[in-house]
């Protein structure tokens, strides 16, 4: 992240090695062997020698290391103090990432540093989900304070709008086949006004929660707590851009669906009959597939915008770059997070809805049959359930998006090294040398 030291994109040498660093020195002459001039061919010496640290010092007679009859050292390979299997370091981003091998070549890879809620290495699905939950559990005052405030404000507006404008009389008029045109127009206007205001309020609440929780989760990766005030001061300059980003994504989705349905609609206007309906349905289905593909590619744009302080278009292109080659993985994790959040919300909201319907007009049977009314009691009780559900699910969805962004940058850009420096871990500061 550009706003936090060490969160900027790494340079062209992500493993921390200087391109001009000298290579290993050539072998020293054996005892009793005359020195040779530079360039003079040696005897039984390869031009490419392993680093000096890979060779043990002769210490004893025959049978002991360095003595006569000693077997030659094992060949350089995985697990022998060089590159781990696959040639990847802790972030999976190149040789040398383990800082000189696996503890002499026998102990396996060292555990990744974990200054905060996740280990600084490529993450598994369970670790991403656990990191989101751990953020909520560790910094519960800040996280739940943000999500609860946003959920309460959003639900209060929703309850007031539904109670005053979308009352039972408006619903009855819309369902009455004998209603006059004026009555239908008035009821439809109230419904559209209520839906429009609810959409705006929900969008603003989502933007505020996403901005603040993204900041909190990014600090939790480094193990640094943050207050609501600090999170707001850090996120405030990007809130308007985040709102623009979400509106642009909605416009893109609407445009794709419209383009998909347009051929069928045109054929229908020309009198196409049943074929026009089939063409419209197929066009909408194809457009839905394209829209899902685009939304997954752009799913990390909010984290890019907030944490890298980018503009809207730059955030979209950066998200597409990070997701490239990992679309199915990002899609699966985001879908799993949505399913978990929906299940949690349903478990909380459904009991409140049943209790609310028991106090509403017509009771539970009236609610199930659709004949019951939506009085203030029903709206308030069901609203409480919605607030609790949103308070818990907001941090999960926002946290998974941020941790997916971090994971993709660790895999592609060695962000784990930058995070270690930002967290102040030993051996990762500005004084650390590339040669260890």
**Asked** How compact and how long is region 125-421, expressed as Rg and Dmax of its alpha-carbon atoms in Å?
**Response** 22.1, 72
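Take 250, 306 and order them by how many other Cβ atoms sit within 10 Å, fewest up front. Please report the intermediate quantities before stating the final value.
Values: 250 12, 306 30.
The most exposed by this proxy come first: 250, 306.
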**Fill in**
Highest mean packing first, using Cβ neighbours within 10 angstrom, the peptides 334-344, 395-405, 236-246, 138-148 sort as 395-405, 138-148, 236-246, 334-344
**Fill in**
Ordered by fewest other Cβ atoms within 10 Å, a rough proxy for footprinting exposure, 216, 221, 257, 296 read 257, 296, 221, 216
**Complete:** For 130, 416, ascending order of other Cβ atoms within 10 Å (fewest first) is 130, 416
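Where a number appears in this text, it was derived from the coordinates with a stated rule and is not lab data. None of the values given here were measured: they were computed from a predicted structure. Here Cβ is always computed from backbone atoms with ideal geometry, including for glycine, and neighbour counts include all displayed protein chains.
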